[in-house]
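The structure appears below as structure tokens.
The values are calculated or read from the model by the stated rules, or taken from the named source; none is laboratory data. What you see is a predicted model, and the numbers here were worked out from it, not measured in a lab. Reconstructed Cβ throughout: ideal geometry from the backbone, glycine too, with neighbour counts over all protein chains shown.
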Ligand SMILES: [Zn+2]
């Protein structure tokens, strides 16, 4: 599960991170950009894989498999 922290004062958002890491990034952002303002905004949670690369590998694997089957059948 990945978390993205959105700034309540501007359009800043952290990358997809762990809960503690994202919270720290947001605190750092407030310290740098909005000193004196208590950290606000909201947290977005992502239940899916934040990298999004695994589904793509599966599709390529299926295409390769189909090509192998097609090649085997054409002989
Ligand atoms: Zn901000």
| task | Would you mind finding the one in 45, 31, 2 that is surrounded by 10 or more Cβ atoms within 10 Å (Cβ to Cβ) and at pLDDT 95 or above? | result | 31
| region 26-47, residues that are in contact with a strand residue (DSSP E or B) (Cβ under 7 Å, 6 or more places away or on another chain) and away from the ligand (no atom under 11 Å from the Cβ) | 42, 43, 44, 45, 46
